[in-house]
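In what follows, a single structure is set out as C-alpha cells and then discussed.
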C-alpha cells in the first residue's frame with residue numbers, strides 16, 4: 001500500500017512544554033541554573049521551583065492516495081414527516097494500474113442524528129484500481145428539525161478515517177385552515193324596506209407553500225335567511241390570501257334578523273360556521289345629522305372636482321388645470337387636516353388652440369371640470385376631462401341695449417380632451433386618450449365622468465340654451481357630440497390617442513385640416529359621430545349636466561342645469577336657425593340615465609342630417625342614424641325627470657355607507673351651488689322614484705360645486721366631502737354616528 005510520510009518538528013517552547021514541579025524542597029532564591037538568562041543551553045528555561053524541558057520529535061500521518069468520493073457531501077433538502085430521501089454516492093479507486101488496492105474496513109454512521117440516517121453500505125470492501133462501488137445513504141426523519149450525520153469509513157493503513165457528510169431538514173406537513181375574523185358577524189342596522197351591503201372576510205391561514213383552499217358554496221340557514229343575500233361565486237384562496245363576499249341585508253319587517261352561514265371548502269379544518277345578525281328599523285325614527293367642518297392646512301385655487309382614490313388620498317382638481325393629491329388625517333371628531341403630497345401639472349401644461357386651429361401660446365392653463373380616480377392603492381389611475389380655459393358668451397339684451405356684439409373669445413370649441421394619468425414611481429405619465437371633444441363658447445364643457453363595465457361615461461355640456469343657436473351662446477349650434485352622455489371604449493383605444501375625426505373645414509385647405517382635431521370653427525370642423533368608433537352616444541338631451549353618479553345597484557343619475565330666460569329658444573322645427581334671445585327659466589332636473597334615454601334638451605344636429613355645415617361643401621357630422629326625438633324641447637318636469645331642484649345644482653354622488661341604520665344607503669347627494677347647500681335625494685328601493693328631498697346642511701361657504709361621499713370600508717366612512725369654488729376650501733360633512 002502506498003504510504004506518504006509527513007514529518008514536522010514540533011516546538012513546545014510554551015504550550016507543549018513538559019513541566020516538572022519540584023515538591024521535595026523548594027529551590028532557594030539564590031540558586032542558579034546553567035545557561036544565560038535561565039537558558040540551560042538546551043533551549044529549556046528554568047524558573048524557581050520549575051524545570052522546563054523542550055521536546056522535539058517526528059510524527060508520521062498515513063493517508064490514502066486514489067480514493068475518490070462523489071459527492072463528498074450532500075443535502076437531501078426539506079422533507080415532510082413520513083417522507084424519506086436517499087442519495088447515491090460513488091466510491092472510486094482512481095489510481096493507476098500499479099497502485100495498491102484500497103481496503104475499506106468498517107463503515108459507521110456518526111454525528112448529530114445517526115439514528116435517522118441509514119446506508120446500504122456495510123464496509124469491508126476492497127477497491128482495485130479502476131473499481132467503483134455505489135453507496136446509498138437515506139434520511140428517514142423521526143421528528144422535525146435540521147438533520148446531520150457522517151458516514152465514517154475506516155481505511156486500512158490510513159491514520160484517520162474518511163467521513164462523508166450528509167444533511168437535511170424535516171417538518172410536519174403544511175396545512176391550510178379557512179377562517180373568518182368575526183363570529184357572529186353583525187351587519188348593523190338597515191332602514192325598513194332598504195338594503196345595505198356588508199362583507200364577510202374569508203382567509204386562508206396557511207403559510208407559504210401550504211395548499212390552496214377552494215370555497216365551493218355558502219349555505220344560508222337559521223331563523224331569517226331571506227333577510228340576507230350571499231352574493232357568492234366559487235373562489236380559490238392562496239396561502240395567506242383574504243377575499244371578501246358581499247352580503248346584502250334588508251327586510252320589509254322590522255326587528256332583529258339572524259341567520260346561520262356554512263362555508264363549504266376543502267381546507268384542513270371543517271366547514272366554517274358562523275352567525276349573521278342585523279336589525280331592521282323604521283327610517284322615520286332614524287335622524288340623519290351631520291356636522292360641517294373645514295379641511296385645515298391646505299390652500300386651493302378655484303377647486304372644481306374631488307374624489308378619494310383607492311390609496312386613501314384625496315384628489316382635488318383646480319380650475320387652472322392643476323391636480324393636488326392630499327394626505328388627510330382625522331384627529332378626533334370633526335378635526336380634519338390635510339397636506340399636499342403631490343401637485344400634478346401635466347394637464348395644465350397641455351397646449352391650447354384658437355377656434356381656427358392655430359396654437360395659442362399665450363394661454364398656460366386648462367379648465368378641469370371632471371375627475372375620476374380608479375385603479376388600486378398601489379397603482380391609482382386618474383381620468384381627467386379638460387378643455388380651453390376661456391369663457392365667452394353672455395351680454396346683449398333683447399331690447400337692443402348694451403353691447404350687441406357676441407362675446408366671442410375665439411376659444412377652441414373642439415378643445416375637450418379625456419386624459420389618463422398613470423402612477424409611475426414618484427410621478428405620473430399622461431396619456432391623451434380622446435382629443436377633439438366639444439366645448440361651448442360659454443362654460444358648458446366636458447364635465448363629470450365615471451367607469452361602467454370597463455368604459456368611461458363622460459357628460460358633455462350643450463352649446464345652446466334650449467336647442468337653437470342664440471346671441472348669448474355666441475350663435476353656435478349644438479355639435480354632434482355635445483349635450484350628451486358619451487360612452488368611450490378606453491380599452492379599444494389602448495395606450496394611444498384617438499383623435500376624433502372631424503368635418504372637412506372649408507376655411508382650411510386640404511381634406512386633413514391643419515392641427516386637427518382642434519379648432520371647431522363654430523361647427524365647420526366639429527368632431528363627427530361615426531359608426532363603430534370608440535366614442536359613441538350613451539344618452540342624450542342634457543343642457544349642461546355637471547356630474548354623473550352610479551348607485552350601489554348600478555343605476556345611473558345626472559342633474560341637468562335648467563335653461564335661463566333670454567338666453568335662447570327651442571329650435572324652429574328641427575333646424576339650427578339662429579334665434580337671438582327668447583327662452584324661459586326652468587329649474588334643474590334629476591334624470592335616471594339609461595342607454596338611449598333622452599333628457600329633453602334638443603340637439604338638431606343629431607336630430608336631422610339636413611343640418612349641414614360648410615356651405616361650399618355641405619356635410620352632416622352624423623354618420624349614424626339621426627334621432628328625431630332630439631328636435632323637441634321638453635321642459636323640466638315634463639321630460640321624464642324624477643324631480644326638479646331650484647338653483648344651480650352640480651356635483652352628484654351616491655351615499656354608499658350604512659350610517660344612520662342604513663337610512664341613506666343608496667340615496668343621492670348633490671351640491672347646491674346657488675343655494676350654498678348639500679342636498680339629499682331619497683330614492684325608492686328600485687331607484688325609479690324620488691321619495692323625498694332634504695337639505696343636509698345649508699349656509700356653506702361660497703359655493704359648493706362638487707361633492708363626494710365615502711362608503712363602508714373606505715377611509716372616513718360615511719363622510720361627505722365638497723369643494724367650494726369661490727372660497728377655495730374643502731368642506732366635510734361628518735355623520736353624527738361616525
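Tabulated data for the structure shown
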{"item": "Sole exception among (1) crowded, with 24+ Cβ neighbours inside 10 Å; (2) more than 37 Å from the chain's Cα centre (by Cα); (3) at positive phi for residue 436, by number", "result": "(2)"}
{"item": "Only one of 178, 153, 185 that is crowded, with 16+ Cβ neighbours inside 10 Å and within 30 Å of residue 280 (Cα to Cα)", "result": "185"}
{"item": "Test: residue in region 683-692 that is closer than 22 Å to residue 304 by Cα and either outside any strand (DSSP E or B) or in contact with a helix residue (DSSP H, G or I) (Cβ under 9 Å, 6 or more places away or on another chain) (or both)", "result": "no"}
{"item": "Meets criteria (assigned to a strand (DSSP E or B), in contact with a strand residue (DSSP E or B) (Cβ under 8 Å, 6 or more places away or on another chain) and crowded, with 16+ Cβ neighbours inside 10 Å) for residue 201", "result": "no"}
{"item": "Evaluation of residue 206 against (1) surrounded by fewer than 21 Cβ atoms within 10 Å (Cβ to Cβ); (2) within 30 Å of the chain's Cα centre (by Cα); (3) in a loop (DSSP other than H, G, I, E, B) (one fails), failing number", "result": "(1)"}
{"item": "All positions within region 104-142 that are more than 19 Å from residue 74 (Cα to Cα) and in contact (Cβ under 8 Å) with a residue 60 or more places away in the chain", "result": "127, 129"}
{"item": "Subset of region 306-365 (residues that are over 27 Å from the mean Cα position of the chain (by Cα), at pLDDT 95 or above and at positive phi)", "result": "357"}
{"item": "Matching residues, region 255-277, being under 13 Å from residue 185 (Cβ atoms) and out of contact with any helix residue (DSSP H, G or I) (no Cβ under 7 Å at 6 or more places or on another chain)", "result": "258, 260, 261, 263, 272, 273, 274, 275, 276, 277"}
{"item": "Index of the failed condition, residue 588 passing every other in (1) buried (at least 22 other Cβ atoms within 10 Å of the Cβ); (2) modelled with pLDDT under 95", "result": "(2)"}
{"item": "Among residues of region 441-455, those that are within 30 Å of residue 567 (Cβ to Cβ), surrounded by fewer than 23 Cβ atoms within 10 Å (Cβ to Cβ) and either touching a strand residue (DSSP E or B) at 6+ places or on another chain (Cβ under 7 Å) or not assigned by TED's automatic domain parsing to the domain that holds residue 409 (or both), counted", "result": "1"}
{"item": "Criterion (within 18 Å of residue 623 (Cα to Cα) and assigned to a strand (DSSP E or B)) met by exactly one of 486, 429, 449", "result": "486"}
{"item": "Elements of type strands (runs of 3 or more DSSP E) in region 521-590, at least 1 residues being without any contact (Cβ under 8 Å) to a residue 40 or more places away in the chain, closer than 23 Å to residue 414 by Cα and in contact with a strand residue (DSSP E or B) (Cβ under 7 Å, 6 or more places away or on another chain)", "result": "none"}
{"item": "Filter pass, residue 389 being at pLDDT 95 or above, in the same structural domain as residue 566 (by TED's automatic domain parsing) and assigned to a loop (DSSP other than H, G, I, E, B)", "result": "yes"}
{"item": "Total residues in region 681-700, condition in contact (Cβ under 8 Å) with a residue 60 or more places away in the chain and within 27 Å of residue 318 (Cβ to Cβ)", "result": "3"}
{"item": "Some residue of region 596-617 being in a loop (DSSP other than H, G, I, E, B), free of Cβ contacts under 8 Å to residues at least 40 places away in the same chain and closer than 28 Å to residue 407 by Cα", "result": "yes"}
{"item": "Selection count where residues are surrounded by fewer than 18 Cβ atoms within 10 Å (Cβ to Cβ) and either free of Cβ contacts under 8 Å to residues at least 40 places away in the same chain or not in a loop (DSSP other than H, G, I, E, B) (or both), scope region 408-422", "result": "2"}
{"item": "Residue that is farthest from residue 169 (Cα to Cα) [pool: residues in region 88-102 that are surrounded by fewer than 17 Cβ atoms within 10 Å (Cβ to Cβ) and in contact with a strand residue (DSSP E or B) (Cβ under 6 Å, 6 or more places away or on another chain)]", "result": "101"}
{"item": "Test set (1) modelled with pLDDT of 95 or more; (2) loosely packed, with under 13 Cβ neighbours inside 10 Å; (3) over 17 Å from residue 154 (Cβ atoms); (4) over 59 Å from the mean Cα position of the chain (by Cα) - residue 131 fails condition number", "result": "(2)"}
{"item": "Residue under evaluation residue 653, criteria (1) assigned to a loop (DSSP other than H, G, I, E, B); (2) surrounded by 15 or more Cβ atoms within 10 Å (Cβ to Cβ); (3) under 30 Å from the mean Cα position of the chain (by Cα), criterion not met", "result": "(1)"}
{"item": "Single residue of 501, 438 found to be in contact with a strand residue (DSSP E or B) (Cβ under 8 Å, 6 or more places away or on another chain), free of Cβ contacts under 8 Å to residues at least 40 places away in the same chain and in the same structural domain as residue 595 (by TED's automatic domain parsing)", "result": "501"}
{"item": "First in region 284-304 and on the phi < 0 side of the Ramachandran plot, second anywhere and assigned to a helix (DSSP H, G or I), Cβ under 8 Å, 6 or more apart", "result": "286/660; 286/661; 287/660; 288/660"}
{"item": "Enumeration of residues in region 547-565 that are farther than 14 Å from residue 644 by Cβ and more than 26 Å from the chain's Cα centre (by Cα)", "result": "564, 565"}
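The values are calculated or read from the model by the stated rules, or taken from the named source; none is laboratory data. Just so we're clear, the structure is a prediction, and the values are computed from it rather than from any experiment. All Cβ positions, glycine included, derive from the backbone under ideal geometry; neighbour counts span all protein chains shown.
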